[in-house]
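Chemist: Questions regarding the structure given below will be posed in turn.
The values are calculated or read from the model by the stated rules, or taken from the named source; none is laboratory data. These numbers come from a predicted model, not from an experiment. Cβ: placed from backbone, ideal geometry, glycine included. Neighbour counts: every protein chain shown.
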Amino acid sequence: MVRDNGGGRPAVAQRSSMADVAALAGVSKGTVSHVLNHPERVSPATRERVEAAIEKLRFVPHGTARSLAIGSMPALGVVLSDISNSLFVDLLEGVERAAQERGAYVLIANSYTDLRRERRYMEMFDSVRTLGNLVTINSQHHYANLVRDRDRDGHQPLVFLNYRGEDDRFCFVHADNRAGGAMVARHLVETGRRNIAVVTTPWHLQPIEERLAGFEEAIAGTGARIVSRESCEQIHRADGWRVGRALLPRIRSGEVDAVFAVADLVAAGIAQALADDPGIRIPEDVAIVGYDDNQAAWDSPLPITTVRQPGEGMGATGVQLVYEELNDPTHEHRVVRLGPELVVRASSVPRAAS
């Protein structure tokens, strides 16, 4: 609608609101929000009425209007921790699929888990005015540094992936690592394992700490126990190989009959080290379980039991949350938890009955 501003010149047309669309279509603002963000939740007839009202009123959602006004590009920025890790490849596939469905591009940056890189890439995405940004992190330290200078309304929407936060200024999407660790524990106990070595890293990373917490909780009271805690400096196959060689004497003696490694690359290195010893049979003498369903697990000479992470789901959900924040003025930040899946392979199949 064009109004006279009292000075003889027509004022700029007033932008329609979501309430205007709802009134014209005869629905609630929540229904309009669903049409914009979750059209599958609305009946076809209602969706058609809302879309007709949007077209008639030339309604532009709040976030989209803001983006157009400041000249932002129709793209999402994504900062990944390690593009060589298939978990983040899966996550990126989910982001790209969901972005493509919405007509957006994806700008990709690889941080190598370096905080300075993460900050620099986020600043770059802010400067080119992406529609929103998604960042994978794994520690509270990185989170605190990345959000230190950000306020709720001063930047594009920001969603953290593969991290569980408790700050209501942002949305988070994470896999249930505690449940994944518990799955591994139950599987090893059910296959008759009782003396388990756990292989982790010296860093305090939230996903790994939660995997171990879930494992320890599930194993309590089962008769099985953790007899060894080993540490890798990095999460590489060579690090796993060194740990595997160190565990050889205890496996030969029967002191260790299972190994749970917090990452598949480490598990693959352990399997390689043990396979070099003709006196050790996998899984008869020792079971090996990894985590992530990395290519190292399924493309290994000995396929490795692992926990598959919902990488694509995390990526797609992150995009959905960005668009919710862009388009829905009633959007509330939240934490979304997705479930993992145990994938049983030859490295831990049940022992034959004696």
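Chemist: Would you confirm whether any residue within segment 305-317 is over 20 Å from the mean Cα position of the chain (by Cα) and either buried (at least 19 other Cβ atoms within 10 Å of the Cβ) or of a type outside the set (A, V, I, L, M, F, W, C) (or both)? Lay out the reasoning, then the answer.
Modeler: Initial filter on segment 305-317 (over 20 Å from the mean Cα position of the chain (by Cα)): 305.
This time we only want the ones that are either buried (at least 19 other Cβ atoms within 10 Å of the Cβ) or of a type outside the set (A, V, I, L, M, F, W, C) (or both), so: 305.
Within segment 305-317, one or more residues are over 20 Å from the mean Cα position of the chain (by Cα) and either buried (at least 19 other Cβ atoms within 10 Å of the Cβ) or of a type outside the set (A, V, I, L, M, F, W, C) (or both).
Chemist: Go through segment 225-260 and give me each residue that's assigned to a loop (DSSP other than H, G, I, E, B) and not acidic (Asp, Glu). Break it down into steps so the answer makes sense when it comes.
Modeler: In the first step, residues of segment 225-260 are kept if they are assigned to a loop (DSSP other than H, G, I, E, B); the result is 232-236, 253-257.
Within segment 225-260, CYS232, GLN234, ILE235, HIS236, SER253, GLY254, VAL256 qualify.
Chemist: Being modelled with pLDDT of 90 or more and either in the same structural domain as PHE88 (by TED's automatic domain parsing) or surrounded by 23 or more Cβ atoms within 10 Å (Cβ to Cβ) (or both) is the filter here, so list the residues in segment 294-304 that pass it.
Modeler: Scanning segment 294-304 gives a single hit, ILE304.
Chemist: Could you check segment 29-55 and list, in sequence order, the residues that are farther than 21 Å from GLN320 by Cβ and hydroxyl-bearing (Ser, Thr, Tyr)?
Modeler: Once the filter is applied, which keeps residues that are farther than 21 Å from GLN320 by Cβ and hydroxyl-bearing (Ser, Thr, Tyr), segment 29-55 yields nothing.
Here is a yes/no grid of residues against (1) at pLDDT 95 or above; (2) over 18 Å from the mean Cα position of the chain (by Cα); (3) buried (at least 17 other Cβ atoms within 10 Å of the Cβ):
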| site | (1), (2), (3) |
| --- | --- |
| ASN145 | no, yes, no |
| LEU161 | yes, no, yes |
| ASP176 | yes, no, yes |
| VAL189 | yes, yes, yes |
| TRP203 | no, yes, no |
| GLU209 | no, no, yes |
| GLU217 | yes, yes, no |
| ALA224 | yes, yes, yes |
| GLU233 | no, yes, no |
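Chemist: Considering only segment 163-170, I want to know if a residue exists there that is in a loop (DSSP other than H, G, I, E, B) and among the small types (Gly, Ala, Ser).
Modeler: As a first pass, look at segment 163-170 and keep what is in a loop (DSSP other than H, G, I, E, B): 163-170.
Now drop any that are not among the small types (Gly, Ala, Ser), which leaves 165.
The answer is yes, given that some residue of segment 163-170 is in a loop (DSSP other than H, G, I, E, B) and among the small types (Gly, Ala, Ser).
Chemist: For residues that are out of contact with any Ser or Thr (no Cβ under 7 Å at 6 or more places or on another chain) and acidic (Asp, Glu), tally how many sit in segment 257-310.
Modeler: Total satisfying the criteria: 6.
Chemist: Look at LEU321 and say whether it is under 30 Å from ARG169 (Cβ atoms) and crowded, with 19+ Cβ neighbours inside 10 Å. Talk me through it step by step, then tell me what you get.
Modeler: Details: under 30 Å from ARG169 (Cβ atoms): yes; crowded, with 19+ Cβ neighbours inside 10 Å: yes.
Considered against the rule, which asks whether it is under 30 Å from ARG169 (Cβ atoms) and crowded, with 19+ Cβ neighbours inside 10 Å, LEU321 comes out as yes.
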